[in-house]
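Data first, discussion second: the structure below is written as structure tokens.
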Amino acid sequence: MISYYLGLSLFLFIIFIVLLFYISQAIAMIFFKVPTVGTPKKNLIIINDLLPKNELTTFFDLGSGTGKALFFFSKTHPKINFIGFETSIFAYLYSNLKKIIFKRQNVSFKFKNFFNFSWQKADYIYTYLWPSLMTRVETKFIKETNPKCVLFDSAFKLPNLTPKQILDKKRPCLYLYQKD
């Protein structure tokens with residue numbers, strides 16, 4: 001009888017977590033007009049190969065979701081400080097739980113809108129955002145980042161800047177931008 005109630009409690013807890021996930025995604029979509037979309041592994045591999053191996057740098061993931069990209073990069077780049085920005089409470093909590101489980105000291109997450117945070121310390125920035133946000137991303141990139149900052153952009157080009165390089169032309173495309 002106890003195992004029945006334990007099983008039922010676990011089942012209801014899982015249903016609650018799933019509902020919380022979908023509600024948080026809906027809230028993020030309503031307020032920020034951005035759905036959660038995972039980064040393709042091919043793009044992760046390309047970016048990972050371009051990151052410096054032994055330099056102390058800072059990497060921002062704008063809209064980090066569940067932290068997939070940051071955990072992938074942090075395995076091979078222990079000297080890079082990875083910071084993810086997320087506005088979905090469920091994705092933010094899930095990312096922090098993964099951080100504890102995987103014991104990644106060089107990964108952190110901020111439950112914050114990245115437009116309300118300074119980008120001055122970023123050496124690398126990654127985006128996989130909705131087209132409606134790209135004008136604001138471009139403006140903030142131009143105004144706030146250091147001259148050597150590299151922006152990796154999946155799927156949707158910045159409206160006015162020309163990519164320094166197109167790293168992958170297959171959908172979703174991967175663009176590299178740098179101010180200098």
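Karplus-based coupling profile of region 57-70, in residue order and whole Hz: 9, 10, 10, 9, 10, 8, x, 6, x, 8, x, 3, 5, 5, with θ = phi - 60° in 6.51 cos²θ - 1.76 cosθ + 1.60 and x standing for Gly or Pro.
Could you rank the peptides 163-170, 90-97 by their average count of other C-beta atoms within 10 Å per residue, with the highest value first?
Averaged packing, sorted descending, gives the order 90-97, 163-170.
Cα convex hull of the chain: mean projected area in nm², to one decimal?
Spelled out: convex hull of the Cα atoms, projected over all directions, averaged, 11.4 nm².
Enclosing the Cα atoms of region 65-127 in their convex hull gives a volume equal to 79 cubic angstrom per residue.
What the phi angles of region 115-127 give under the Karplus curve with 6.51, -1.76 and 1.60, with θ = phi - 60°, is a coupling list of 6, 9, 10, 5, 9, 4, 8, 6, 9, 9, 9, 10, 10 Hz, glycine and proline written as x.
Residues considered: 113, 43, 54. Largest GNM mean-square fluctuation over the chain, using C-alpha springs under 10 Å, is found at 54. Derived scalar couplings between HN and Hα for region 84-90 equal x, 10, 9, 10, 8, 4, 5 Hz in order, rounded to whole Hz, by the Karplus curve 6.51 cos²θ - 1.76 cosθ + 1.60 (θ = phi - 60°), x for Gly and Pro. Taking amide H positions as modeled 1.01 Å from N, with prolines and chain starts lacking one, the residues under 5 Å from residue 168 and 5 or more places away or on another chain are 174.
Where a number appears in this text, it was derived from the coordinates with a stated rule and is not lab data. Since we're looking at a predicted model, the values are computed, not measured. A quick note on method: Cβ atoms are made from the backbone with ideal geometry, for glycine too, and the neighbour counts reach across all protein chains shown.
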